[in-house]
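K.L.:
This is the structure I have questions about; it appears just below.
The values are calculated or read from the model by the stated rules, or taken from the named source; none is laboratory data. On a predicted model such as this, the values are computed, not experimentally measured, just so you know. Backbone-built Cβ (ideal geometry, glycine too); neighbour counts: all protein chains shown.
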Amino acid sequence: MRNHKQESRVPKQWFIKAEEDLGSAEILFRENGPADTICFLCQQAVEKYLKGYLILKRKKFGKIHDLAALLAVCGEIDKEFLDWYKETEKLTSYYIETRYPPDVPVSYTKEEAKEALKLAEEILEFVKKKI
């Protein structure tokens, strides 16, 4: 059985992992790394931040990677989360499309990676303000 002190650290661990994913994506971008990996890490950062927020708010969610679905659960707590629906749909596509070779498009562009970084940074900042 977890004690209260352990429970309060769980969301923080999700936020730390999310920041690591975003930081890794930023490094790869600067070093001209693979755009598909950058896009995937951006999706992961947002997923982990949304899950951390939900854990912090003690809101249950299933085993999901669809950011729009996670956003809908966050929207039950705060309707402003729903304003990010379009952006999270785009980032969710990077989770599916970048995971396995048959699904990987020929390649994502540097511009798409830049946009994924921008979206992830904006969403993380939004969630931080809600914490």
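K.L.:
Looking for something in a loop (DSSP other than H, G, I, E, B), under 23 Å from Ala113 (Cβ atoms) and modelled with pLDDT under 95 - is there at least one such residue anywhere in the stretch 10-32?
P.N.:
Looking through the stretch 10-32, none of the residues is in a loop (DSSP other than H, G, I, E, B), under 23 Å from Ala113 (Cβ atoms) and modelled with pLDDT under 95.
K.L.:
Within the stretch 45-64, is even one residue of a type in the set (Asp, Glu) and over 12 Å from the mean Cα position of the chain (by Cα)?
P.N.:
Quick first cut of the stretch 45-64, residues of a type in the set (Asp, Glu) only: 47.
Checking which are over 12 Å from the mean Cα position of the chain (by Cα) leaves us with none.
So far as the stretch 45-64 goes, no, none of its residues is of a type in the set (Asp, Glu) and over 12 Å from the mean Cα position of the chain (by Cα).
K.L.:
May I pose another question? Restricting the stretch 86-113 to residues that are touching a Phe, Trp or Tyr at 6+ places or on another chain (Cβ under 7 Å) and part of a helix (DSSP H, G or I), which is modelled with the lowest pLDDT?
P.N.:
Checked the stretch 86-113; the qualifying residue modelled with the lowest pLDDT is Tyr95.
K.L.:
Would you check which residues across the stretch 71-89 are buried (at least 18 other Cβ atoms within 10 Å of the Cβ) and either over 10 Å from the mean Cα position of the chain (by Cα) or of a type in the set (Lys, Arg) (or both) and list them? Before you say what the answer is, go through the steps one by one.
P.N.:
Applying the first criterion (buried (at least 18 other Cβ atoms within 10 Å of the Cβ)) to the stretch 71-89 yields 71, 73-74, 81, 84, 87-88.
Across the stretch 71-89, the qualifying residues are Leu71, Val73, Cys74, Phe81, Trp84, Glu87.
K.L.:
Now for a different question. Would you point out the residue of the stretch 37-53, among those that are under 17 Å from Ile77 (Cα atoms) and of a type outside the set (D, E, K, R), that is surrounded by the most Cβ atoms within 10 Å (Cβ to Cβ)?
P.N.:
Tyr49
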